[in-house]
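The values are calculated or read from the model by the stated rules, or taken from the named source; none is laboratory data. Everything quoted here is computed from the prediction, not taken from an experiment. Cβ: placed from backbone, ideal geometry, glycine included. Neighbour counts: every protein chain shown.
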Amino acid sequence: MSLELTFWWLLAIKLAVAAAVVPVIGMVIGYAEMKLSAHMQSRVGPYFAGGRFGWAQLIADGVKFIQKEDIIPEKADRPVFKWAPALVMLGTMALLVIVPLHPSSRYGIVRDLEVGIFYALAISSVSTIGVLMAGWSSANKYSMIGGLRAAGQLIAYELPLVLATVGVVIQAGTMSMQGIVSAQVAQGWPFALTQFIGFAIFMIATLAELTRLPFDMPIAESELVMGYVTEYSGFRFLFFFLAEFANMFSMSVIAATLFLGGYGLWGINPETLLSPIILFAKVGVLVFLMIWLRWTLPRLREDQLQTLAWKWLIPISILNIIVTAVLKVVI
Amino acid sequence: MTFSDWIAEPVNWAFLAMAIPMVVAALRVVTSRNVVHAALFLVLALAASAGLFILLSAEFVAWVLVLVYIGAVVVLFLFGIMITRAPIGRETNLSHDTRWPAAAAALGVFAVTFWLINGVTQQIGGFGDPLPAVGRATPTGILGEGFINRYLIPFEAVGFVLLAALIGGITLARKDLTPAEEEEGARV
């Protein structure tokens, strides 16, 4: 063994932190969603749990989910049914590994991969398999149709998501997350100024990938009960629930890193401890935007959703790549 | 190198941890009694082979395998299976009548490929000039330059062969209906 032990300890600690982040983030964003949606609808939202503002509501919910009976339908395909939430969670947790919090590569990130953003897009596509597994193994027509809708949607929006990031990669000249941030810090302005089309497409595709309103046909409760999560209860349901909120966080982190300059901000030295706070503030804005859109827009129709992806977003993002590549060479 | 030397190397443990599940999963793909299970074992086999690529410092290729094969191709398989027929439980008529000729053909392809790669590499002493070795994951930039400069023509040739295979596959799988059957289909 040529590598020193401290490296492995540091890596183990970083991985433990990344794993612990999922439930914490899930609770924070879940609580934010409850409160914000309530206020957007002139309600109060959770109020009693924890004494003030209902801050302990999500902890109480978590405890409730964990002590619930783990029900597996009799006709279900047991191993597939059991592993589906784990696979969804895997795609979520693996995303957090490359979040750049700070310019120091020793403490700011679990692992800065040379293929950074490409890794993120690849590993997040694994969740689709989990969704299909959940939909099929539940032996329930609602679950099945929900799973199929989700797969069709995730395939369709995977492409604009990947294509929208290419413009940033061309401008930065690297796929590493740290590299993309330091390119923006070095030039002093975020890529959102030049890649605004890519940014808009990325955010739309992200909403669709997260299957949140206005793209929540896979779990449309008025038609499909709860789609592919219909048969899940207890902590397996909690996995899907946490994965959705943690994914909101990690996709926002990726968007903030690619388009909004990550931990960089005008006039602030990125070497200080302010860097993670700046990143989280940007992520907070994006998460708020997602919640806001969810409680404002009505649900799209299935054909409108596919039309938007294949006829609009993909051609526009390819055009964006061509223009960016030409300008990169010309300027 | 003896086996004990080989097994003492930690990287070979990692290799075994990837390779054994990969082989088992690959066998289960063709022996599984449920077509959805077969597709899911294919996911496992592909994930393990991505792991092998990472062991070989080919990080980009590994994640291409995950994005394209697991994230798109197998999802499409599963989508296709589920939208047509995907019963839960065992199926009896999954095995094809020509499974033994098919196995023989697969073995033949394996033998020829092995013979070719083994022979050619011994004859020319490796795969020609390798891409610059850097001791860690191959930088994607070098890979991209290799693709569109030095290896452009093989790359295009492979693309052409794949396109031909795609068209051939469609032609073989397509069944032209007689007018009577077409009418039948229209009524259903």
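A few points about this structure:
- Given (1) surrounded by 11 or more Cβ atoms within 10 Å (Cβ to Cβ); (2) part of a loop (DSSP other than H, G, I, E, B), number of the condition B:D97 does not satisfy: (1)
- Unmet requirement for A:N320, which otherwise passes all of (1) within 20 Å of A:Y157 (Cα to Cα); (2) under 20 Å from the mean Cα position of the chain (by Cα); (3) surrounded by 17 or more Cβ atoms within 10 Å (Cβ to Cβ): (2)
- Note on the stretch A:166-177: residues that are within 12 Å of another protein chain (Cβ to nearest Cβ) and polar (S, T, N, Q) amount to 2.
- The number of residues in the stretch A:273-298 that are among the hydroxyl-bearing types (S, T, Y) and surrounded by 13 or more Cβ atoms within 10 Å (Cβ to Cβ) comes to 1.
- Residues of the stretch A:48-104 satisfying the condition of being part of a helix (DSSP H, G or I) and among the polar types (S, T, N, Q): A:Q57, A:Q67, A:T92
- Hits in the stretch B:1-12 - residues which are within 12 Å of another protein chain (Cβ to nearest Cβ) and assigned to a helix (DSSP H, G or I): B:A8, B:P10, B:V11
- Matching entry among A:I201, A:I180 (being within 14 Å of another protein chain (Cβ to nearest Cβ), closer than 20 Å to A:L121 by Cα and surrounded by 22 or more Cβ atoms within 10 Å (Cβ to Cβ)): A:I180
- Residues located in the stretch A:114-129, provided they are at the interface with another protein chain (Cβ under 7 Å from one of its Cβ atoms) and either of a type in the set (A, V, I, L, M) or not in a helix (DSSP H, G or I) (or both): A:E114, A:V115, A:L121, A:A122, A:I123, A:S125, A:V126, A:I129
- Screening A:A156 with (1) more than 10 Å from every other protein chain (Cβ to nearest Cβ); (2) touching a Ser or Thr at 6+ places or on another chain (Cβ under 9 Å); (3) closer than 28 Å to A:L305 by Cα; (4) not polar (S, T, N, Q) gives one miss only, at (2).
Yes or no, residue by residue, for (1) hydroxyl-bearing (S, T, Y); (2) over 29 Å from A:L148 (Cβ atoms); (3) within 11 Å of another protein chain (Cβ to nearest Cβ):
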site: B:P21; (1), (2), (3): no, no, no
site: B:A39; (1), (2), (3): no, no, yes
site: B:L46; (1), (2), (3): no, no, yes
site: B:S49; (1), (2), (3): yes, no, no
site: B:I70; (1), (2), (3): no, no, yes
site: B:I88; (1), (2), (3): no, no, yes
site: B:N118; (1), (2), (3): no, yes, no
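- Number of the condition not met by A:L297 [criteria: (1) in contact (Cβ under 8 Å) with a residue 24 or more places away in the chain; (2) aliphatic (A, V, I, L, M); (3) assigned to a helix (DSSP H, G or I)]: (3)
- Any chance A:V162 is away from every other protein chain (no Cβ under 12 Å) and either touching a residue at least 24 places away in the same chain (Cβ under 8 Å) or part of a helix (DSSP H, G or I) (or both): no
- Flag if B:A62 is more than 14 Å from every other protein chain (Cβ to nearest Cβ), assigned to a helix (DSSP H, G or I) and under 24 Å from A:S124 (Cα atoms): no
Results for (1) among the hydroxyl-bearing types (S, T, Y); (2) touching a residue at least 24 places away in the same chain (Cβ under 8 Å); (3) touching a strand residue (DSSP E or B) at 6+ places or on another chain (Cβ under 7 Å); (4) away from chain B (no Cβ under 12 Å), shown as yes or no for each residue.
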| residue | (1), (2), (3), (4) |
| --- | --- |
| A:I66 | no, yes, no, yes |
| A:P85 | no, yes, no, yes |
| A:L95 | no, yes, no, yes |
| A:I98 | no, yes, no, no |
| A:V131 | no, yes, no, no |
| A:S138 | yes, yes, no, no |
| A:G147 | no, yes, no, no |
| A:G152 | no, yes, no, no |
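- When the helices (runs of 4 or more DSSP H) confined to the stretch A:188-286 are screened for residues that are at pLDDT 80 or above and under 12 Å from the mean Cα position of the chain (by Cα), those reaching at least 2 such residues are found at A:196-209, A:234-259.
- When the stretch B:23-37 is filtered for residues that are of a type in the set (S, T, N, Q) and either within 14 Å of another protein chain (Cβ to nearest Cβ) or outside any helix (DSSP H, G or I) (or both), the ones remaining, listed by number, are B:S32, B:N34.
- One residue stands out among those in the stretch A:24-47 that are farther than 18 Å from A:N247 by Cα and among the aliphatic types (A, V, I, L, M): the one that is nearest to the chain's Cα centre (by Cα), which is A:L36.
- The stretch B:1-26, residues that are exposed (fewer than 10 other Cβ atoms within 10 Å of the Cβ) and β-branched (V, I, T): B:T2, B:V11
- Restricting the stretch B:54-89 to residues that are in contact with an Asp or Glu (Cβ under 8 Å, 6 or more places away or on another chain) and farther than 25 Å from A:L161 by Cα, the residue that is surrounded by the most Cβ atoms within 10 Å (Cβ to Cβ): B:I88
- Considering the conditions (1) farther than 29 Å from B:P139 by Cα; (2) in contact with a Lys or Arg (Cβ under 9 Å, 6 or more places away or on another chain), B:A25 is excluded by exactly one of them, (2).
- Test for A:A208: is it surrounded by 22 or more Cβ atoms within 10 Å (Cβ to Cβ) and of a type in the set (A, V, I, L, M, F, W, C): yes
- Residues of the stretch A:169-183 that turn out to be touching a residue at least 60 places away in the same chain (Cβ under 8 Å), of a type in the set (A, V, I, L, M) and closer than 11 Å to A:L258 by Cβ, as a count: 4
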